[in-house]
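Quick notes on the structure that follows.
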Amino acid sequence: MSFFNAFLVGGLFCLVGEIILDNTKLTPGHVTSIFTVLGAFLSFIGIYPKLISYGGAGATMMISNFGNLLYQGSYMGFHEEGLLGLIGGVLSKCGVAIVSAVIFAFIFALFFKPKD
Amino acid sequence: MNKDEYQKLVKKLEPKEPKLRKALVAFLVGGLVSFIGEVIATILVTTFGMEKTIAYIWLCVLTIFIASLLTALRFFDNWVSKCGCGLIIPTTGFAHSMTSSALDVKNDGLITGLGSSFFKLAGSVLLYGVISGFFFGVLGVIFYG
């Protein structure tokens, strides 16, 4: 059943994104940025953790989970380390995703040839 | 022909995109990506005895690895243009934008190309993500304590 929930939640995220992309003049860059901010907002009002417990990978694999992790890292950082945690904690949870993306992109860019 | 007439003609001749079909494709592809992700996460939990939250983080790394590799092998550009948001909204889109911009500027040199333009496409996600994460974090501390 959790597989079906993941399908539904992930699919709905992408559906909303596609509708925004098709009916406005926004580029994919705009849409992904909007979804990241939206994820932070949904996390702030307490909806995103519920989405994750309902949809599992459908919510954690989306770009909006970046926003969720950034907010959670900042909020929890404050409770662990105070004001410095509020600043430094922003990247504490999301760091894995950002650093792995940087590493893989760099290595593949070095070893593969660009188009043309 | 005046400007209004021209605009009308442009609108008439513009190819009509099948919006419904594209939306359906995005829904199905995005759902399928999540479905496969959930299957992998479940396998990680049952075979390695990971906690679910840790499994989702590994899943994220794995997704980014696969998407970067497929971008470097030049499969992904084609798929993204076909599937639209089905592959852009998942983390695959983030990895794709980073790897493709890195590949594009590779020939301009390691510092002036790769170094300075690495985050050309993915930078907006990072910038607005960090900004919103921080400010909502401040709001969260104010509201929830």
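What is the residue count in region A:1-42 for residues that are polar (S, T, N, Q), touching a residue at least 24 places away in the same chain (Cβ under 8 Å) and more than 7 Å from every other protein chain (Cβ to nearest Cβ)?
Restricting attention to region A:1-42, the residues satisfying the condition of being polar (S, T, N, Q) are A:2, A:5, A:23-24, A:27, A:32-33, A:36.
Next cut, touching a residue at least 24 places away in the same chain (Cβ under 8 Å) only: A:2, A:5, A:32, A:36.
Cutting the leftovers down to more than 7 Å from every other protein chain (Cβ to nearest Cβ) gives us A:5.
Total meeting the criteria: 1.
Tell me the residue from B:LEU24, B:LEU9 that is surrounded by fewer than 12 Cβ atoms within 10 Å (Cβ to Cβ) and not polar (S, T, N, Q), please. Outline the logic, then answer.
Working: B:LEU24 fails: surrounded by fewer than 12 Cβ atoms within 10 Å (Cβ to Cβ).
The conditions single out B:LEU9.
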Which condition breaks for B:LEU121 when tested against (1) under 12 Å from the mean Cα position of the chain (by Cα); (2) at pLDDT 90 or above; (3) assigned to a loop (DSSP other than H, G, I, E, B)?
(2)
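Any chance you could count how many residues in region A:86-116 are over 25 Å from B:TRP58 (Cβ atoms) and either facing chain B (nearest Cβ under 9 Å) or of a type in the set (Gly, Ala, Ser) (or both)? Talk me through it step by step, then tell me what you get.
Initial filter on region A:86-116 (over 25 Å from B:TRP58 (Cβ atoms)): A:86-87, A:113-116.
With either facing chain B (nearest Cβ under 9 Å) or of a type in the set (Gly, Ala, Ser) (or both) added as a condition, the list becomes A:86-87, A:113-115.
Adding up the residues that qualify gives 5.
Within region A:72-96, how many residues are surrounded by fewer than 19 Cβ atoms within 10 Å (Cβ to Cβ) and not in a helix (DSSP H, G or I)? Break it down stepwise before answering.
Going residue by residue through region A:72-96, those that are surrounded by fewer than 19 Cβ atoms within 10 Å (Cβ to Cβ) are A:76, A:79-84, A:87-88, A:92, A:95-96.
Next cut, not in a helix (DSSP H, G or I) only: A:82, A:92.
Qualifying residue count, region A:72-96: 2.
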Does B:VAL105 count as within 17 Å of A:GLY10 (Cβ to Cβ) and in a helix (DSSP H, G or I)?
no
Pairs needed: first member in region B:13-24, modelled with pLDDT under 90; second member anywhere, surrounded by 11 or more Cβ atoms within 10 Å (Cβ to Cβ) and of a type outside the set (Lys, Arg); C-beta distance under 9 Å; at least 6 residues apart or different chains.
B:GLU17/A:ASP22; B:LYS19/A:GLU18; B:LYS19/A:ILE19; B:LYS19/A:ASP22
Criterion first (surrounded by fewer than 21 Cβ atoms within 10 Å (Cβ to Cβ) and either modelled with pLDDT of 95 or more or in a helix (DSSP H, G or I) (or both)) does A:PHE108 satisfy it?
no
Could you look through region B:100-118, keep only residues that are facing chain A (nearest Cβ under 7 Å) and under 23 Å from the mean Cα position of the chain (by Cα), and pick out the one that is farthest from B:SER81 (Cα to Cα)?
B:LEU114
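Could you please let me know if A:PHE44 is crowded, with 21+ Cβ neighbours inside 10 Å and closer than 17 Å to B:ALA95 by Cα?
Working: crowded, with 21+ Cβ neighbours inside 10 Å: yes; closer than 17 Å to B:ALA95 by Cα: no.
So A:PHE44 fails the test.
The values are calculated or read from the model by the stated rules, or taken from the named source; none is laboratory data. Because the structure is a prediction, the values reported are computed rather than measured. Positions of Cβ are backbone-derived with ideal geometry, glycine not excepted, and every protein chain shown enters the neighbour counts.
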